[in-house]
Amino acid sequence: MKKIIVTGGAGFIGGNFVHYMLKKYSDYKIICLDCLTYAGNLETLEIVLDNPNFRFVKADITDREAVFKLFEEEHPDMVVNFAAESHVDRSIENPGIFLKTNILGTQTLMDACRRFGIERYHQVSTDEVYGDLPLDRPDLFFTEETPIHTSSPYSASKASADLLVGAYYRTYGLPVTISRCSNNYGPYHFPEKLIPLMIINALHNKPLPAYGKGENVRDWLYVEDHCKAIDLIIHKGTVGEVYNIGGHNEKTNIEIVKIILKELGKSEELITYVTDRKGHDLRYAIDPTKIHNELGWLPETKFEDGIKKTIRWYLNNKGWWEKIISGEYKNYYEKMYVDK
Ligand code: NAD
Ligand code: TDX
């Protein structure tokens with residue numbers, strides 16, 4: 001029996017991780033700590049809210065009192081920190097909240113781990129901390145040795161948190177691990193992100209806004225494969241280490257959009273090229289050799305299957321996203337895309 005605090009478990013990847021862990025470990029208690037920002041959604045956790053091995057706690061990871069109180073009550077064995085402001089475009093509009101949640105929130109959680117003791121603190125980070133790779137050098141990949149070189153306020157805040165995690169390991173001996181994953185896709189993905197946004201716009205026959213020329217490359221991984229990698233790292237990974245996670249599945253944004261349109265039987269005339277993202281990273285590509293060699297991890301879901309499953313999920317779960325796009329998110333969409 002282990003107790004794991006999963007922060008940000010009402011969001012996309014954290015939510016998938018909660019479901020994965022409750023299914024896999026019938027003797028673990030999973031405690032989700034989430035303050036339910038615009039990106040957090042209790043409906044993502046609806047099917048586990050009655051599970052006796054699950055507890056939901058609404059609190060902010062930057063709220064020291066609330067975090068310490070929860071640690072005092074639960075004395076967790078592990079913390080997996082997914083909680084973050086995660087959208088690059090929002091970080092360009094309003095960096096402050098990214099610094100607060102992503103850096104100071106990480107500090108607060110690690111301080112609680114130091115105060116109450118912990119078997120493992122795991123930081124869910126991102127490949128964006130490495131900056132980007134040129135489009136004309138397909139031979140280059142991010143390894144764990146690639147220097148940190150960030151582009152957006154979001155990636156700078158994630159990199160800052162990673163450095164702080166390393167400092168708590170070196171200075172206080174906190175048993176930490178860090179994972180840096182490429183772009184995820186799958187169920188419960190908030191519709192401000194590329195894949196769900198394009199699926200939903202296509203279903204409504206609305207323009208599909210490709211930034212710039214649509215040539216930027218991302219390395220896509222099915223979310224369950226990310227959850228499996230984190231499960232391996234927290235149980236078998238070496239303390240103090242960083243693990244890159246990615247499935248060698250690079251695609252340009254325009255390729256992704258065309259795949260979605262084809263799958264939904266919609267016309268490519270819906271594609272609209274809009275003003276590029278400021279500081280837009282050109283290409284991300286992960287070298288996952290370390291996690292493969294040390295922990296035996298390999299991605300299991302092929303992109304062709306994963307994208308079909310994902311599209312089917314959005315078709316079968318309209319209730320989940322229709323509420324989001326008719327609520328506060330509607331104002332965000334109008335602000336961000338109307339003048340592009
Ligand atoms: P998300 O935006 O879907 O979810 C974030 C969750 O964190 C939400 O439930 C939100 O309510 C919660 N949260 C935000 N601020 C909080 C705070 N101050 N206190 C408590 N809870 C708070 O994000 P995601 O896409 O699921 O990403 C999860 C993590 O994985 C992030 O740390 C992100 O940097 C990282 N990551 C994401 C991707 C990706 O492709 N989405 C890839 C690599 C790494
Ligand atoms: O409307 C859009 N049009 C478009 O062309 C949107 C929302 C995005 N894009 C482009 C920008 C990127 O090149 O698609 C690509 C993917 O964009 P996002 O879905 O915003 O993801 P990205 O910026 O790559 O960051 C994601 O992966 C790494 C997550 O949001 C981060 O949290 C994670 O760290």
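A Förster radius of 51 Å, combined with the Cβ-Cβ distance separating Lys69 from Leu282, puts the computed FRET efficiency at roughly 0.70. The modelled label-to-label distance between Met336 and His235, using points 7 Å beyond Cα along the C-beta direction, is 3.6 nm. Assuming a ≥ b ≥ c are the square roots of the Cα gyration tensor eigenvalues, decide whether the stretch 106-206 counts as rounded (a/c under 1.5), prolate (otherwise, with a/b larger than b/c) or oblate. Here the stretch 106-206 falls in the oblate category. Here the relative contact order of the chain, from alpha carbon pairs under 8 Å that lie six or more residues apart, stands at 17 percent.
Inter-label distance, Leu203 to Val274: 1.9 nm, where each label sits 7 Å from its Cα along the C-beta direction. The relative contact order of the stretch 85-212, computed from alpha carbon pairs under 8 Å that lie at least 6 residues apart in sequence, is 32 percent.
The angle between the Cα long axis of helix 328-337 and the main principal axis of the chain comes to about 50°, on a 0 to 90 degree scale.
For Lys69, the lysines whose Cα falls under 24 Å of its own Cα, not counting residues fewer than eight places away in the same chain, are Lys2, Lys3, Lys29, Lys58, Lys100.
For the stretch 145-238, trypsin sites (Lys or Arg not before Pro) meeting the loop criterion (DSSP other than H, G, I, E, B) and having at most 13 other Cβ atoms within 10 Å: Lys213. Mean-square fluctuations from a GNM of the chain, with a 10 angstrom spring cutoff on Cα atoms, peak among Thr108, Thr146, Thr238 at Thr146.
Here the Gaussian network model covers the chain, with springs between Cα atoms less than 10 Å apart; of Glu224, Glu241, Glu85, Glu241 fluctuates the most. Enter the angle in degrees (range 0 to 90, nearest 10) between the Cα long axis of helix 105-116 and the first principal axis of the Cα atoms of the chain, meaning the one along which they spread out most. That helix lies at roughly 20 degrees to the long axis.
A Gaussian network model of the chain, with springs between Cα atoms under 10 Å, assigns the largest mean-square fluctuation among Asp89, Asp50, Asp77 to Asp50. Axis angle, to the nearest 10 degrees, between helix 303-316 and the longest C-alpha principal axis of the chain: 90 degrees. For a paramagnetic label modelled on Glu43 (point 7 Å from Cα along Cα→Cβ), amide N atoms under 15 Å away belong, within the stretch 174-209, to 187-192, 200. For the stretch 59-85 and the stretch 147-161, what is the separation of their Cα centres, given in Å? The two parts, judged by their Cα centres, are 23 Å apart. Could you check how much of the accessible area of the chain is carbon and sulfur, as a whole percent, using a 1.4 Å probe? C and S fraction of accessible area: 50 percent. With a Förster radius of 41 Å applied to the C-beta separation of Leu36 and Glu145, the computed FRET efficiency comes to 0.65.
What number, rounded to the nearest 500 deg cm²/dmol, is the helix-based mean residue ellipticity at 222 nm of the chain, given -39500 (n - 2.57) per DSSP H run of at least four residues and division by all its residues?
On the way: 12 runs with 138 residues, N = 340.
Rounded to the nearest 500, the figure is -12500 deg cm²/dmol.
Could you tell me what percent of the DSSP beta bridges with both partners in the chain are antiparallel, to the nearest 5? Approximately 10 percent, going by the DSSP bridge assignments. Note that the chain presents 43 Å² accessible area per residue, ligands and nucleic acids not counted, probe 1.4 Å.
Under a 1.4 angstrom probe, counting protein chains only, how are Ile97, Ile4 ranked by accessible area, largest first?
Largest to smallest exposure gives the sequence Ile97, Ile4.
The values are calculated or read from the model by the stated rules, or taken from the named source; none is laboratory data. Quantities reported herein were computed from a predicted structural model and do not represent experimental measurements. Methodologically, a virtual Cβ is constructed for each residue, glycine included, from the backbone with ideal geometry; neighbour enumeration extends over all protein chains shown. Side chains are part of the model used for accessible areas, which takes the heavy atoms of the whole protein and leaves out ligands, DNA and RNA. Shrake-Rupley method; radii C 1.70, N 1.55, O 1.52, S 1.80 Å.
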